[in-house]
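J.: If you scroll down you'll find the structure; I have some questions about it.
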Amino acid sequence: MSLLTSIPGGIKFLGTIRKYDHYAKDVEAARAAGDPAEERRVIADCTAKWAQYAFDCFDVRLEVKGRENIPEQDGYVIISNHQGYLDILAIILAFSGHQTGFIAKEELQKIPYIGRWIGLIRGLFMVRGNARESLKVMKDGAELVKQGYNLTIFPEGTRSRSDEMGPFKPGSFKLATKAKAPVVPVTIHGSYRFFEIDKSIHKGITIQVVISPVIETKDLDRKKTAEMEKLVPQIISFELKKLLSLEAKAAREKEAARKDAGRADGAR
């Protein structure tokens, strides 16, 4: 069962998008006027408002580390691990003030509001299992990045639904290398706890996002490109393990404090 077919959670989630649908005309107007900078500004503004509203509706908290690593100049590629449905919203809020589109699976194109909005914010749809179409999407995406738009891709290709990371598909990096664009590695932790654990919505979760320093691709030869493709998932995995270690430590300390309090109560 997907979030969007879960009643009433799916209806509530779609409702958060519908609430901000009036911004579509502003995005379309900026695009029609041929003003990419204004278009990116409007996209950044309306998507951040939508994402924050959705998080407020479900009482989701976001912790972000590394915002100083966000490039000042647009035209970069965000490469992230993918745990759950809320990853897109988490990245939108973590990069608040900056436009980003997403490479999304083609099935989302048919969903009311969602399909339209992915296209509006300069997202593209990937056809799974079709190498020729996937290469075309990478080329189209690279052209958008060259024009100054930012794009996010999840190289695992699907949600891990856990603390684990799946293998990264090497072809995903073509989005950055074809555009010779900076890569921003991003680590997400905790988003799967919203829905993926048992296919029901859990309010009050916390999602952590780590934005790592930029990796330039414009001067990479074939050998260094291959090294970069190995380095990015290593960076993301390293940050994920750090978050898990800190979480485990906090849990141990909380349990120790609980036991100490229990012993103190028993001694009274």
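J.: Would you check if residue 11 is exposed (fewer than 14 other Cβ atoms within 10 Å of the Cβ), over 30 Å from residue 214 (Cβ atoms) and not acidic (Asp, Glu)? I'd like the intermediate steps shown before the answer.
T.: Numbers: exposed (fewer than 14 other Cβ atoms within 10 Å of the Cβ): yes; over 30 Å from residue 214 (Cβ atoms): yes; not acidic (Asp, Glu): yes.
Yes: the conditions hold for residue 11.
J.: Is it the case, given these coordinates, that residue 119 is touching a strand residue (DSSP E or B) at 6+ places or on another chain (Cβ under 6 Å) and closer than 17 Å to residue 20 by Cβ? Before the answer, list the steps.
T.: Numbers: touching a strand residue (DSSP E or B) at 6+ places or on another chain (Cβ under 6 Å): no; closer than 17 Å to residue 20 by Cβ: yes.
Against the criterion (touching a strand residue (DSSP E or B) at 6+ places or on another chain (Cβ under 6 Å) and closer than 17 Å to residue 20 by Cβ), residue 119 does not qualify.
J.: Would you confirm, using the coordinates I've provided, whether residue 172 is under 15 Å from residue 80 (Cα atoms), touching a strand residue (DSSP E or B) at 6+ places or on another chain (Cβ under 8 Å) and either modelled with pLDDT under 95 or assigned to a loop (DSSP other than H, G, I, E, B) (or both)?
T.: Numbers: under 15 Å from residue 80 (Cα atoms): yes; touching a strand residue (DSSP E or B) at 6+ places or on another chain (Cβ under 8 Å): yes; either modelled with pLDDT under 95 or assigned to a loop (DSSP other than H, G, I, E, B) (or both): yes.
The answer is yes for residue 172.
J.: Same structure, new question: Just for segment 185-241: of the residues that are in a loop (DSSP other than H, G, I, E, B) and charged (D, E, K, R), which one is farthest from residue 172 (Cα to Cα)? Steps first, answer last, please.
T.: From segment 185-241, those in a loop (DSSP other than H, G, I, E, B) are 190, 194-205, 212-214, 216-221; that's our starting set.
Filter again for charged (D, E, K, R), leaving 196, 198-199, 203, 216, 218-219, 221.
On the way: 196: 24, 198: 29, 199: 28, 203: 32, 216: 16, 218: 16, 219: 18, 221: 17 Å.
This residue is 203.
J.: When you scan segment 177-200, do you find a residue that is free of Cβ contacts under 8 Å to residues at least 40 places away in the same chain and closer than 28 Å to residue 241 by Cβ, even just one?
T.: Taking segment 177-200 and keeping what is free of Cβ contacts under 8 Å to residues at least 40 places away in the same chain, we get 180, 197-198.
If we keep only those that are closer than 28 Å to residue 241 by Cβ too, we end up with 197-198.
Within segment 177-200, one or more residues are free of Cβ contacts under 8 Å to residues at least 40 places away in the same chain and closer than 28 Å to residue 241 by Cβ.
J.: Hey, another quick one. Restricting attention to segment 136-153, does a residue exist that is charged (D, E, K, R), modelled with pLDDT under 95, farther than 19 Å from residue 176 by Cβ and more than 15 Å from the chain's Cα centre (by Cα)?
T.: There is no residue in segment 136-153 that is charged (D, E, K, R), modelled with pLDDT under 95, farther than 19 Å from residue 176 by Cβ and more than 15 Å from the chain's Cα centre (by Cα).
J.: Do we have any residue at all in segment 217-225 that's polar (S, T, N, Q), under 28 Å from residue 63 (Cα atoms) and surrounded by 10 or more Cβ atoms within 10 Å (Cβ to Cβ)? Step through it out loud before you land on a result.
T.: First pass over segment 217-225, keeping only residues polar (S, T, N, Q): 217, 225.
If we keep only those that are under 28 Å from residue 63 (Cα atoms) too, we end up with none.
Checked segment 217-225: no residue is polar (S, T, N, Q), under 28 Å from residue 63 (Cα atoms) and surrounded by 10 or more Cβ atoms within 10 Å (Cβ to Cβ).
J.: Could I ask something else about it? Run down 72, 63 and say which single residue is modelled with pLDDT under 95 and closer than 30 Å to residue 215 by Cβ. Outline the logic, then answer.
T.: Details: 63 fails: modelled with pLDDT under 95.
Selected residue: 72, the only one of 72, 63 that is modelled with pLDDT under 95 and closer than 30 Å to residue 215 by Cβ.
J.: Being surrounded by fewer than 17 Cβ atoms within 10 Å (Cβ to Cβ), of a type in the set (Ser, Thr, Tyr) and within 25 Å of residue 66 (Cα to Cα) is the requirement here; does residue 172 meet it? Explain how you work it out, then say what you get.
T.: Numbers: surrounded by fewer than 17 Cβ atoms within 10 Å (Cβ to Cβ): no; of a type in the set (Ser, Thr, Tyr): yes; within 25 Å of residue 66 (Cα to Cα): yes.
Taking the combined requirement at face value, the residue does not satisfy it.
J.: Among the residues of segment 115-147, count how many are in contact (Cβ under 8 Å) with a residue 12 or more places away in the chain and crowded, with 17+ Cβ neighbours inside 10 Å.
T.: Here the count works out to 16.
J.: Still on this model: Among the residues of segment 196-203, is any at pLDDT below 95, small (Gly, Ala, Ser), surrounded by 10 or more Cβ atoms within 10 Å (Cβ to Cβ) and in contact with a Gly (Cβ under 9 Å, 6 or more places away or on another chain)?
T.: Checking segment 196-203: at least one residue is at pLDDT below 95, small (Gly, Ala, Ser), surrounded by 10 or more Cβ atoms within 10 Å (Cβ to Cβ) and in contact with a Gly (Cβ under 9 Å, 6 or more places away or on another chain).
J.: Right, residue 109: touching a strand residue (DSSP E or B) at 6+ places or on another chain (Cβ under 7 Å), surrounded by fewer than 21 Cβ atoms within 10 Å (Cβ to Cβ), under 24 Å from residue 192 (Cα atoms) and of a type in the set (S, T, N, Q) or not?
T.: Details: touching a strand residue (DSSP E or B) at 6+ places or on another chain (Cβ under 7 Å): yes; surrounded by fewer than 21 Cβ atoms within 10 Å (Cβ to Cβ): yes; under 24 Å from residue 192 (Cα atoms): yes; of a type in the set (S, T, N, Q): yes.
The answer is yes for residue 109.
The values are calculated or read from the model by the stated rules, or taken from the named source; none is laboratory data. Since the model is a prediction, treat every value here as computed from it, not as a measurement. Don't worry about glycine lacking a Cβ; one is built from the backbone with ideal geometry, like all the others, and counts go over all protein chains shown.
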